[in-house]
Amino acid sequence: MENIFEEKINLGISACMYGAKVRYNGKGNDILGYLKREKGDFFWTPVCPEVMSGLGVPRTAIRLVGGNGFDFWKGDSQVKNRAGKNVSGMIKAGTLSCFETLKRVDIDAFIYMEGSPTCGIHRTTLRKESLGKPPGVFGALLLKEQIFLIPALDLQSPLRWWDWKRRLVAFIWLKRKDIESSSEFIQCWDILKVLSQEIDEENTKKIDDRVKAFSDETTLEELKKMQIDILDILRTPSSTEKIKKWLWKNYIFLKDTYNLEVEKVCDPEYLRGVTHVASEILEVELKARKMKKLFRSSPINYIPKR
Ligand code: SF4
């Protein structure tokens, strides 16, 4: 089975993180500047639910009142502006319109601005002492649809972005697979298992035990369910410690088995910054791909067609 993904990935993004000056105070942030040339590896669809609501720029800041974004869609909370005006109807229309746009484009993932009452996922305010009422109104819709979600600020860190990208590519590669037999499932699992183990050892072991118990009675339904379980693991970020540990293990395997040598790779105990770790990883990745060997920390090779 080929571990290559060539389809260009479709990403939605909060427009204020794409450089559009659409925040309530007329500001925006070009977060994609951190990706440099890599930006061209994706299709981008920026959306701003608050602007699409017709609230304008600049506008009076808004907040959720009486509950979070899930409650909003049930009619149990409202969105009001600082002057106390209820703008729930406008927000609902703007949010649904952006959501329809993303569905039309068939996005693979969404990069969200954290801390917004609309786009936020884990917080709906930027005030340090409070999380607000997460998720936001748009965030709740994205969560309900199980969209792969990436916090925009993680694009600033080369290591965090690498972690998101390798999991995103693996996620889409697996999601697109129409698995029709247990042997096909095993082939996919063999490619993804080590990455899954890095992210979530406990649930990887559970999947592995189920794979070992495969028999003629294993149904397609069971395989599909296990496929979803792996996808859920791939949504979860790793940590610097885990990345370093598994980079070392996977590198040593490549070195011992195929003589793949990269001078700058350090053992996990060696103290160094995340930028250095990111550059070690990228070198191993590059070399492994040149040698056509599977680098299990980043198992799917993304070669988008231009
Ligand atoms: S966080 Fe979302 S709603 Fe707010 S300005 Fe950015 S894109 Fe618009």
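Conditions tested, residue by residue: (1) within 13 Å of the ligand (Cβ to nearest atom); (2) closer than 24 Å to Leu143 by Cα; (3) of a type in the set (S, T, N, Q).
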{"residue": "Asn29", "(1), (2), (3)": "yes, yes, yes"}
{"residue": "Leu32", "(1), (2), (3)": "no, yes, no"}
{"residue": "Lys39", "(1), (2), (3)": "no, no, no"}
{"residue": "Thr45", "(1), (2), (3)": "yes, yes, yes"}
{"residue": "Ser53", "(1), (2), (3)": "yes, yes, yes"}
{"residue": "Arg63", "(1), (2), (3)": "yes, yes, no"}
{"residue": "Phe70", "(1), (2), (3)": "no, yes, no"}
{"residue": "Asp76", "(1), (2), (3)": "no, yes, no"}
{"residue": "Val79", "(1), (2), (3)": "yes, yes, no"}
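Restricting attention to segment 284-302, which residues are open to solvent by less than 80 Å² (accessible area, probe 1.4 Å) and either under 11 Å from Asn250 (Cα atoms) or more than 22 Å from the chain's Cα centre (by Cα) (or both)?
Taking segment 284-302 as the starting set, the residues that turn out to be open to solvent by less than 80 Å² (accessible area, probe 1.4 Å) are 284-285, 288-289, 291, 293-302.
Scanning segment 284-302 gives Val284, Glu285, Ala288, Arg289, Met291, Lys293, Leu294, Phe295, Arg296, Ser297, Ser298, Pro299.
Within segment 48-70, take every residue that is closer than 15 Å to Lys27 by Cα, β-branched (Val, Ile, Thr) and not in a helix (DSSP H, G or I) and give me the one that is farthest from the chain's Cα centre (by Cα).
Thr60
Restricting attention to segment 224-255, report how many residues are in contact with a strand residue (DSSP E or B) (Cβ under 7 Å, 6 or more places away or on another chain) and either open to solvent by less than 20 Å² (accessible area, probe 1.4 Å) or polar (S, T, N, Q) (or both).
Going residue by residue through segment 224-255, those that are in contact with a strand residue (DSSP E or B) (Cβ under 7 Å, 6 or more places away or on another chain) are 235.
Now narrow it down to the ones that are either open to solvent by less than 20 Å² (accessible area, probe 1.4 Å) or polar (S, T, N, Q) (or both): none.
Qualifying residue count for the region: 0.
Among the residues of segment 1-14, are any in a helix (DSSP H, G or I) and crowded, with 20+ Cβ neighbours inside 10 Å? Lay out the reasoning, then the answer.
Taking segment 1-14 as the starting set, the residues that turn out to be in a helix (DSSP H, G or I) are none.
No: segment 1-14 contains no residue that is in a helix (DSSP H, G or I) and crowded, with 20+ Cβ neighbours inside 10 Å.
If you check Asp41, Asp106, which single one turns out to be open to solvent by less than 40 Å² (accessible area, probe 1.4 Å) and among the charged types (D, E, K, R)?
Working: Asp106 fails: open to solvent by less than 40 Å² (accessible area, probe 1.4 Å).
The conditions single out Asp41.
Return the only residue of Ser130, Ser116 being among the hydroxyl-bearing types (Ser, Thr, Tyr), within 15 Å of the ligand (Cβ to nearest atom) and assigned by TED's automatic domain parsing to the domain that holds Ala20. Break it down into steps so the answer makes sense when it comes.
Working: Ser130 fails: within 15 Å of the ligand (Cβ to nearest atom).
Just a single option satisfies the conditions, and that option is Ser116.
Which numbered condition in (1) under 24 Å from Met1 (Cβ atoms); (2) assigned to a helix (DSSP H, G or I) is the only one that Ser298 fails?
With (1) under 24 Å from Met1 (Cβ atoms); (2) assigned to a helix (DSSP H, G or I) applied to Ser298, the lone miss is (2).
Which pairs turn up if I take residues in segment 7-27 that are closer than 22 Å to Ile147 by Cα and look for partners that are polar (S, T, N, Q) with beta carbon separation below 6 Å, at least 6 apart in sequence or on another chain?
The qualifying pairs are Gly12/Thr45; Met17/Asn29.
Return the residues of segment 52-86 that are buried (at least 20 other Cβ atoms within 10 Å of the Cβ), among the β-branched types (Val, Ile, Thr) and under 20 Å from Ala152 (Cβ atoms); say none if nothing qualifies.
Ile62
Assess whether Glu280 counts as being at pLDDT below 95 and either loosely packed, with under 14 Cβ neighbours inside 10 Å or assigned to a loop (DSSP other than H, G, I, E, B) (or both).
Working: at pLDDT below 95: yes; either loosely packed, with under 14 Cβ neighbours inside 10 Å or assigned to a loop (DSSP other than H, G, I, E, B) (or both): no.
Considered against the rule, which asks whether it is at pLDDT below 95 and either loosely packed, with under 14 Cβ neighbours inside 10 Å or assigned to a loop (DSSP other than H, G, I, E, B) (or both), Glu280 comes out as no.
Within the set of pairs 6+ apart or on separate chains, which have a first residue in segment 69-89 that is more than 19 Å from Arg23 (Cα to Cα) and modelled with pLDDT of 95 or more, a second that is of a type in the set (Asp, Glu) and open to solvent by less than 60 Å² (accessible area, probe 1.4 Å), and C-beta atoms under 7 Å apart?
Close Cβ pairs (under 7 Å, with a partner that is of a type in the set (Asp, Glu) and open to solvent by less than 60 Å² (accessible area, probe 1.4 Å)) amount to Ser77/Asp71.
The values are calculated or read from the model by the stated rules, or taken from the named source; none is laboratory data. Owing to the predicted nature of the structure, the values given are computational and were not obtained by experimental measurement. Cβ sites come from the backbone with ideal geometry, for glycine too, and all protein chains shown count toward neighbours. Ligands, DNA and RNA are excluded from the accessible area calculation, which covers all protein heavy atoms including side chains. Shrake-Rupley method; radii C 1.70, N 1.55, O 1.52, S 1.80 Å.
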